[in-house]
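Data block below; observations after.
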Amino acid sequence: MQELKKVAIVGRPNVGKSSLFNRLARQRDAITSDQSGTTRDVKKRIVTISQNRDFEIVDTGGIDYSSELFSKVAAFSLAAAKEADIILYMVDGKSIPNEEDKALFYELQSMNKPMALLVNKIDNDKEEERYWEFLEFGADATFPLSVSHNRYFNDFYAWMERHIPAPPEEEAGLELTEDADLDPFMEIVRDINSTPLPEADNKIRVAIIGRVNTGKSSLLNALIGKERTVVSDVAGTTIDPIDETIEHDGHEITFIDTAGIRKRSKIVGIEKFALTRTTDMLKEADLVLLVLDSTKQISELDERVAGLIEEYRLACLIVLNKWDIKEDRSYEEVVDDIRDELKFLHYAPFITISAKTGLRVPKILDQITAIYRRYQQRIPTAELNDTLRAAIRRHHVPSHNGASVNIKFATQYETKPPKIALISNRPEFIHFSYKRYLANFFREKFDFEGVPLDIVARKRGQRVDDDEA
């Protein structure tokens with residue numbers, strides 16, 4: 001007789017583990033309540049899902065170390081997870097992801113077993129937005145659920161079926177159909193980017209941009225190794241953009257030291273012309289060094305300056321200058337402040353420097369060439385679609401009002417910045433949050449650090465440069 005797989009439901013208290021246990025067991029066996037720590041013992045039942053697939057479901061107590069009793073319950077729960085073949089880690093979808101959940105999840109993930117992250121209490125379509133935040137866990141499989149309303153179970157059941165073997169007499173028939181039923185691609189994808197690519201362009205135009213008096217001119221002087229620009233504590237010293245070209249790592253790098261940008265109410269006289277010139281130079285740039293004063297908080301003006309980078313879809317390296325000046329804030333505090341205020345530059349890496357002393361300035365050149373290679377990289381269509389397939393298997397494209405939304409294939413149609421088209425039967429219904437999920441998935445696979453990534457959805461035959469609806 002075939003040994004049954006053991007499936008453990010694990011998580012912190014009051015996330016709905018016992019309710020899921022009851023739903024799968026089709027009986028109210030485990031006691032449920034809003035009181036934390038209701039379940040303290042491990043419960044087991046034999047469960048059958050589609051096509052006579054049997055397994056043993058295990059309900060565990062919430063993992064909580066706030067008291068001696070709860071700590072013992074937690075030890076039993078972790079022991080049950082170690083004995084299980086499959087782990088279902090459940091979280092409360094009505095709250096935001098927290099570090100304790102992440103730590104527990106990663107501890108269980110280290111057991112190297114099939115594991116799904118279940119985001120419970122997603123009770124309606126409007127609340128599904130909260131589910132996307134939990135994708136940051138990086139789980140191989142993440143599913144929204146509403147156990148109390150019996151919603152969103154289809155994808156979860158499909159995942160379970162892939163890990164619960166069918167009875168021996170049915171296995172042969174399923175081998176031919178299981179993957180086909182779940183495969184989002186219904187045709188062979190040809191590599192339309194297989195033609196030889198032109199030799200990579202090694203000329204990089206780099207704009208140095210930032211607020212007034214952040215040290216942009218000092219940075220340019222340090223990069224090229226000579227006094228090329230006037231450096232002064234007087235804000236607004238640089239008016240005209242200044243070009244200087246050097247060679248590094250087989251690349252010809254042209255730096256443009258742009259005028260510092262002020263609040264519009266403080267732009268007077270010749271500086272109005274300087275702002276126009278600076279904006280025009282950004283249109284010609286490939287990469288931006290966004291220079292920030294690490295001794296100061298991020299301001300609204302910094303957001304506007306960074307907004308120009310987003311507007312022109314430029315590669316970016318955030319340079320934290322004046323790092324030699326001792327401040328009370330740690331590196332983590334400074335970075336958190338910037339990430340919080342400049343969310344649209346989430347792709348930009350950081351480097352801490354002192355243009356005055358030369359601290360880490362040479363490393364900027366290595367960063368520039370590395371980021372530029374990513375900025376002009378082209379991913380072969382076959383490899384891109386392998387990754388897209390993995391992304392869709394991890395989380396299927398959400399339907400729209402019950403109508404199926406399928407992505408047939410993807411192709412990269414442009415570089416600098418990389419642009420990817422998703423060919424779909426209903427492109428207008430691919431939610432922006434799902435595009436963001438795919439962008440993050442592609443970033444992890446292909447290393448687009450420092451590079452904006454554009455993803456558009458189109459029907460077959462539709463021009464990729466058409467305006468989106």
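For region 351-378, the set of residues classified as in contact with a Gly (Cβ under 7 Å, 6 or more places away or on another chain) and among the basic types (Lys, Arg) consists of Arg374 only. Residues that are assigned to a helix (DSSP H, G or I) and surrounded by 13 or more Cβ atoms within 10 Å (Cβ to Cβ) were ranked within region 76-100; the one that is modelled with the lowest pLDDT is Phe76.
Yes or no, residue by residue, for (1) of a type in the set (Ser, Thr, Tyr); (2) in contact (Cβ under 8 Å) with a residue 12 or more places away in the chain; (3) more than 18 Å from Val7 (Cβ to Cβ); (4) in a strand (DSSP E or B):
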residue: Tyr106; (1), (2), (3), (4): yes, no, yes, no
residue: Asn112; (1), (2), (3), (4): no, no, no, no
residue: Ala116; (1), (2), (3), (4): no, yes, no, yes
residue: Glu127; (1), (2), (3), (4): no, yes, yes, no
residue: Glu133; (1), (2), (3), (4): no, yes, yes, no
residue: Asp140; (1), (2), (3), (4): no, yes, no, no
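Matching residues to (1) out of contact with any helix residue (DSSP H, G or I) (no Cβ under 6 Å at 6 or more places or on another chain); (2) in the same structural domain as Glu127 (by TED's automatic domain parsing); (3) within 30 Å of Ile351 (Cα to Cα); (4) among the hydroxyl-bearing types (Ser, Thr, Tyr):
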{"position": "Val397", "(1), (2), (3), (4)": "yes, no, no, no"}
{"position": "Ser404", "(1), (2), (3), (4)": "yes, no, no, yes"}
{"position": "Ile407", "(1), (2), (3), (4)": "yes, no, no, no"}
{"position": "Ile420", "(1), (2), (3), (4)": "yes, no, yes, no"}
{"position": "Ser433", "(1), (2), (3), (4)": "no, no, yes, yes"}
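The set of residues in region 114-162 being more than 23 Å from Arg436 (Cβ to Cβ) and either outside the structural domain of Phe21 (by TED's automatic domain parsing) or aliphatic (A, V, I, L, M) (or both) consists of Met115, Val147, Ala158, Met160.
Going through (1) at pLDDT below 90; (2) out of contact with any Phe, Trp or Tyr (no Cβ under 9 Å at 6 or more places or on another chain) one by one, Glu107 falls short only on (1). Does Thr369 qualify as being among the hydroxyl-bearing types (Ser, Thr, Tyr) and assigned by TED's automatic domain parsing to the domain that holds Glu252? When the stated conditions are applied, Thr369 passes them.
Please verify whether Ser424 is of a type in the set (Ser, Thr, Tyr) and under 24 Å from Glu133 (Cβ atoms), treating the condition exactly as stated.
Values: of a type in the set (Ser, Thr, Tyr): yes; under 24 Å from Glu133 (Cβ atoms): no.
Here the answer is no, as Ser424 does not meet what is asked.
Picking from residues in region 391-444 that are of a type in the set (Gly, Ala, Ser) and within 17 Å of the chain's Cα centre (by Cα), the one that is farthest from Arg458 (Cα to Cα) is Ala391. Selection of region 56-72 for residues being of a type in the set (A, V, I, L, M, F, W, C), within 16 Å of Lys17 (Cβ to Cβ) and either modelled with pLDDT of 85 or more or surrounded by fewer than 22 Cβ atoms within 10 Å (Cβ to Cβ) (or both) yields Ile57, Val58, Phe70. Give me the residue from region 112-128 that is of a type in the set (S, T, N, Q) and closer than 21 Å to Ser19 by Cα and, out of that set, surrounded by the most Cβ atoms within 10 Å (Cβ to Cβ). If we take residues in region 112-128 being of a type in the set (S, T, N, Q) and closer than 21 Å to Ser19 by Cα, then Asn120 is surrounded by the most Cβ atoms within 10 Å (Cβ to Cβ). A single entry from Asn385, Asn401 fulfils the requirement of being modelled with pLDDT under 90 and either of a type outside the set (A, V, I, L, M, F, W, C) or within 30 Å of Asp249 (Cα to Cα) (or both): Asn401.
Every residue, every condition in (1) buried (at least 17 other Cβ atoms within 10 Å of the Cβ); (2) in a helix (DSSP H, G or I), yes or no:
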residue: Asp366; (1), (2): no, yes
residue: Ala390; (1), (2): no, yes
residue: Val405; (1), (2): yes, no
residue: Tyr413; (1), (2): yes, no
residue: Tyr434; (1), (2): yes, yes
residue: Phe448; (1), (2): yes, no
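The values are calculated or read from the model by the stated rules, or taken from the named source; none is laboratory data. It should be emphasised that the depicted structure is a prediction, and the values quoted were computed from it without experimental measurement. Cβ atoms come from the backbone with ideal geometry, glycine included; neighbour counts cover every protein chain shown.
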